[in-house]
Amino acid sequence: MTRPQLTADVPVRRSLTRRIWRAVPKGLRQPLGAVALLIALAWLVVCAVGPQIAPFDPLAQDLPRLAPPGEAGAVLGTDELGRDLFSRILAGARVTIGLALLLVCLSMLVGSTLGLVAGFFGRWVDEAIMRFTDLVLAFPTVILAMVTAAALGASLFNAVLAALVVSWPQYARVVRSIVLGLRGNEFVASGRLLGFSAGQSIRVDILPNVTGPTLVMASLDIGTAALLLSGLSFLGLGAKPPTPEWGSMVSQGVTHLNQWWLGVFPGLAILTVVISFNFIGDALRDALDPGAEKA
Amino acid sequence: MTEPMPVISVRDVHVDYPGHPPVHAVRGVSFDLFEGEVVGLVGESGCGKSTMARVLTGLVPRTEGEVEFLGESVEALGIGRRPVELTGIQMVFQDPGSSLNPRRRVGSQIMDGLKLAAYRERRRLAELEDLLDDPDLPPLLTRTASRSLPDQPKTPAEWLERVGLDAADANRYPRSFSGGQRQRIATARALAAQPQVLIGDEPISALDASTQARVAYLMSTLAVSQGTALLFISHDLSVVRLIADRLLVMWSGRIVESGPTEEVWSNPGHPYTKSLLAAIPAPDGAGRLPAMPESQADFDAPPVIH
Ligand SMILES: Nc1ncnc2c1ncn2[C@@H]1O[C@H](COP(=O)(O)OP(=O)(O)OP(=O)(O)O)[C@@H](O)[C@H]1O
Ligand SMILES: [Mg+2]
């Protein structure tokens, strides 16, 4: 008499897991995508608990200096001050990824707001905002960020500000063009005819149709943001010692070319973050694009 | 006998779209629309029908002329909220694919219309209260009146039933409805606002032949039943003929012929109307419009027949 119970139990469980599985974008259900998703999730976990699970204090200088991987209990070796590289990478995830997320959120907020206003109100408002956007976009990204960071003074917060200066315009441009397309829609006109104010129209008819594509863009941008922030730190314009930031760790590695582990491991950390988040962004974009769904 | 007052009166309206050279989309159109009547506006593609509809709602500014809604001049919509006095003019658009917001449940979209009706009703009561102190005669029709009739649907679900859908459909999103069903929902949304005027800008053109007549018929019956004047725009005379009391034939930015539907139908005066009628195949809604006959096509100013 146990059998009926079993059959009654199993389908329920299966449908629940299947429902969760279905909610995962298609691109992430393929092996490569699943690996990317796992890596990204693992990094987010490390962001949350990195310092706690680190085998050593990331700032303590009590291991042998420049020990190669595996020696003295340091899986990934130690740096020139005798600090455990593995522990520093785990602790650095919070700095690099956390700041990248902060940067992406800020750029999305600033850029989309400006793009929304430009696209919705049009005329001189649009003209003014887009001229300014084009002006920023006319500079090479990294150089403008470098100059801004140098002008503000080296600190992690200033590096985020400097990166923000160069990364909001892409959001403004994309959101503006989405809003321009939406504004021509008949449901927006019929909302206005039913007495919607500009604010209501934006909130009810425009915003919900903009958030999806914008979030996809943001997820695609996380890797780039991490790279840009690490780049600024690499150039000495971001994190200051002894903060365990990946970009500045790579830059230390460059000065010790014989101790390859110093540069390679933090570099790999940056690489996996960039690739896995890009993969997720791509999958999200494909999931939202109705044309790709059919293929 | 007193002249009935038109709900909308259009006088010598011109519309130019800026450009090089500017497009003269509407070149001197005048007509009246009376309470509760169904008027068909027909004409070939590009003759200025949509432009006319958009001028009446204020979505497009006019270059010249006057449009009055119950005595109030209709001005172009700016960035701000549409004046509540003008919300008595509503519109159903051509494209069923974009006439509803894809991210909102249809029930809440119909609610927009109901909310507007309630707001206008409150305004009307406030106006009436003011009138009690006014020694002058109160006007019979006030612009903010929503003319709430006793048997009007009060909820989105009731409105869905009124347009032939299910009450439970209120929780669904537009993408799960067919084109014809979406136009019914858009009609419900507009009529829920209890407007004095409903403009349908080719609301059936994108539908297949079998649903065209049904949706057109539904729109006109519902509008007439609540006393709303309907301006029904189409390039298909065979369907319009079934619902319109009066026809306006537009050609090249002008109204070249107007009159009671049967009169225009049986005794067309203008050459364009004649070729329009000649081109009508079986009344299956698949009718295509003819071009202007060769001999007339070069005329800059077409003959106008009233
Ligand atoms: N926004 C615009 N800018 C410039 N020209 C326009 C614009 N909208 C319409 N026109 C032009 O104005 C003329 C009238 O267009 P309108 O859309 O009013 O025609 P229509 O009678 O509604 O045609 P259809 O049956 O194809 O919908 C056309 O020549 C068109 O090209
Ligand atoms: Mg049109």
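The values are calculated or read from the model by the stated rules, or taken from the named source; none is laboratory data. Predicted model only: the values in this text are computed from it and were never measured. Virtual Cβ from ideal backbone geometry, glycine too; neighbours counted across all protein chains shown. With ligands, DNA and RNA removed, areas are computed over all heavy atoms of the protein, side chains included. Shrake-Rupley method; radii C 1.70, N 1.55, O 1.52, S 1.80 Å.
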Query raised in the report: Going by accessible area, probe 1.4 Å, with all protein chains left in place, what is the ranking of A:TRP43, A:TRP124, B:TRP251, largest first?
Result: A:TRP124, A:TRP43, B:TRP251
Query - Share of Cα-Cα pairs in chain A lying beyond 22 Å, as whole percent - result: 67 percent
Query raised in the report: How big is the accessible area of B:ARG27 in square angstrom, nearest 10, if you roll a 1.4 angstrom probe over the protein chains?
Result: 70 Å²
Report task. Take every residue in peptide B:181-189, count the Cβ atoms of other chains within 10 Å of its Cβ, and give the average of those counts. Result -> 1
Query raised in the report: Given springs between every Cα pair under 10 Å in a Gaussian network model of chain A, which of A:PHE196, A:PHE56, A:PHE277 has the largest fluctuation?
Result: A:PHE196
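Restricting to DSSP H runs of at least four residues, report the calculated mean residue ellipticity at 222 nm for the protein assembly as shown, -39500 (n - 2.57) per run over all residues, nearest 500 deg cm²/dmol. Show your work: numbers first, answer last.
Details: 20 runs with 315 residues, N = 601.
So the helix-based figure for the protein assembly as shown works out to -17500 deg cm²/dmol.
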Query - Among A:LEU237, A:LEU116, A:LEU135, residue whose mean-square fluctuation peaks in a GNM of chain A (springs only between Cα atoms under 10 Å) - result: A:LEU135
Query - Interface area, A with B, accessible, probe 1.4 Å, both sides summed, Å² nearest 100 - result: 1900 Å²
Query raised in the report: Which of the residues in region B:49-86 show a loss of at least 50 Å² in accessible area from their chain by itself to the complete set of protein chains, at a probe of 1.4 Å?
Result: B:ILE79, B:ARG81
Query raised in the report: If the cut-off is a Cα-Cα distance under 25 Å, which lysines reach B:LYS49, setting aside same-chain residues fewer than 8 apart in sequence?
Result: B:LYS274
Requested in this report: Step through the residues of region B:255-267 one at a time and calculate ³J(HN,Hα) from phi using the Karplus curve (6.51 cos²θ - 1.76 cosθ + 1.60, θ = phi - 60°), rounding each to whole Hz and writing x for Gly and Pro.
Outcome: 8, 9, 7, 8, x, x, 3, 5, 5, 5, 5, 8, 9
Report summary line: Residues whose modelled amide H sits under 5 Å from the amide H of B:GLN152, counting only those 5 or more places away in sequence or on another chain, are none
Report task. Please average, across the residues of A:206-219, the number of beta carbons from any other chain that are within 10 Å of each residue's own beta carbon, and give a whole number. Result -> 1
Query - Residue mean of other protein chain beta carbons inside 10 Å, B:106-119 - result: 2
Query raised in the report: Per residue, how much accessible area does the protein assembly as shown show when a 1.4 Å probe rolls over the protein heavy atoms, in square angstrom?
Result: 47 Å²
**Report entry** Note, ³J(HN,Hα) from phi for region B:161-169, Karplus 6.51, -1.76, 1.60, rounded to Hz, x at Gly and Pro
**Finding:** 5, 4, 9, x, 10, 8, 4, 6, 5
Query raised in the report: Ignoring any ligand, DNA or RNA, what whole percent of the accessible area of chain A comes from carbon and sulfur when the probe is 1.4 angstrom?
Result: 69 percent
**Report entry** lysines with Cα under 23 Å of B:LYS154, excluding same-chain neighbours fewer than 8 positions away
**Finding:** B:LYS115
Requested in this report: If a/c stays under 1.5 just call it rounded; otherwise compare a/b with b/c (prolate if a/b is bigger, oblate if not). Do that for region B:195-270, with a ≥ b ≥ c from the square roots of the Cα gyration tensor eigenvalues.
Outcome: prolate
Query raised in the report: So, in Å, what gap is there between the alpha-carbon centers of region A:23-50 and region A:232-254?
Result: 26 Å
Query - A:PHE56 long-range amide H proximity, modeled H, under 5 Å - result: A:SER87
Query raised in the report: Gaussian network model of chain A, Cα springs within a sub-10 Å range: biggest mean-square fluctuation belongs to which of A:VAL273, A:VAL264, A:VAL216?
Result: A:VAL264
Query - Straight-distance crosslink candidates among lysines, where the alpha carbon sits under 21 Å from A:LYS26 and sequence neighbours closer than 8 are dropped - result: A:LYS294
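On the accessible surface of region B:1-117, probed at 1.4 Å, how many percent belong to carbon and sulfur atoms?
Working: 2540 of 4880 Å².
Answer for region B:1-117 is 52 percent, counting heavy atoms of protein chains only.
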Query raised in the report: Taking amide H positions as placed 1.01 Å from N in the peptide plane, with prolines and chain starts having none, which residues 5 or more places from B:GLU64, or on another chain, fall under 5 Å of its amide H?
Result: B:HIS14
Query raised in the report: If you plug each phi of region A:163-169 into the Karplus form 6.51 cos²θ - 1.76 cosθ + 1.60 with θ = phi - 60°, what whole-Hz ³J(HN,Hα) values come out, in order, with x for Gly and Pro?
Result: 5, 4, 4, 9, 9, 6, x
